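Quick note: the coordinates plus some simple rules give every number you see, no bench work behind them. Computed from a predicted structure; not experimentally measured. Virtual Cβ from ideal backbone geometry, glycine too; neighbours counted across all protein chains shown.
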Amino acid sequence: MDARFLGTAELAEVPSVAVVVDVMRAFTVAAWAFGQGAEKIVLAESLDEALALKERHLDWVALKDGPPAPGFDTVNSPGLLRSMDLAGRTVVQKTTAGTVGALAVREAPLVLCASFVVAGATARLLRTRGSGTVTFVVTGEDGRADEDLACAQYIAGRTTEPGTDAAEFLRRAAESRAATELAEGVRKGVHADDVALCLELDRFPFAMVATQENSLTVLRPHAVPAP
C-alpha cells in the first residue's frame, strides 16, 4: 500500500481511496453514535445546513462542536453521547475539522472515516480491498494535529503489518495539543472522559464508510469481521 498523509487544504485531486481521520473528536463521536444504535450519520457542510435538516426531520439528532446551542440536541462529545439511546435514529453532524475533511473527498470511490476506536476494522477493510494508493486526510490543526497523524500512521502500518504495536501512536495522541485542550477545558462541550474514550483502541468492530445518498454525504457502519 502506498500511503499519503495530507491536510484537507493540501488535497489537489480526488483520491481513489480516502481515510479521513479525526480522533478528537468527530469520528470517535460518530463511532459512539453507531455504538448507541444510530442508523446513519449525515455530514453537514454548515451549522445552517444542520439546523435546516433538523427542521425538515424533527426526529433526527443534530450535534455540533463547542457548547450547546439552540436547535442542536447535543454536542460533539463521546462522553456525553454514550448515555443517549440512538436506536434507529439519524444523526446530523457538523464539526470544525472532521466533517470538513470528509466532505472534501466525498467524490472519492471509497471514503472511510476513522479514529482509534475503529482503527483495526478500518485497517482490515483496507487490507481486504487490496487498496493501492490510500490518502489519509489529517483533519485537525490544518493537517498538523499529531493525534490524527498518529492514528493515520497506525492504521497505515496495521494495514500492511497487522501486528503493528499501537503504544507509541497512542502516546503521541495522548500528548497532543487537542488532548491537552480537552483535559484542561479549553475546548467547550467536553465530558471529563472524552480524552480517554478517544484513546480507546478498537472499541468497535466496524469501519465507517461515507457515500452519497440523495445529494447528502452519509456515513454508515460497515462490519469487518476480525480474523
Original post:
How much net charge surrounds Arg4 when only other residues with a Cβ under 12 Å from its Cβ are counted (Lys, Arg +1; Asp, Glu -1)?
Top reply: -3
Subject >> For Phe136, residues with placed amide H under 5 Å, excluding near neighbours >> reply: Arg4, Phe5, Leu6, Val19
Original post:
Highest mean first, what order results for 169-179, 52-62 on Cβ atoms within 10 Å?
Top reply: 169-179, 52-62
Original post:
With a sphere of radius 13 Å drawn around the Cβ of Gly189, what net charge do the other residues whose Cβ falls strictly inside it have (Lys, Arg +1; Asp, Glu -1)?
Top reply: +1
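So for Phe27, Phe206, fewest C-beta neighbours within 10 Å to most, what's the order?
On the way: Phe27 33, Phe206 18.
Least to most surrounded, the residues fall as Phe206, Phe27.
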Subject >> Surrounding net charge for Leu80, when Lys and Arg each add one and Asp and Glu each subtract one, Cβ distance under 15 Å >> reply: 0
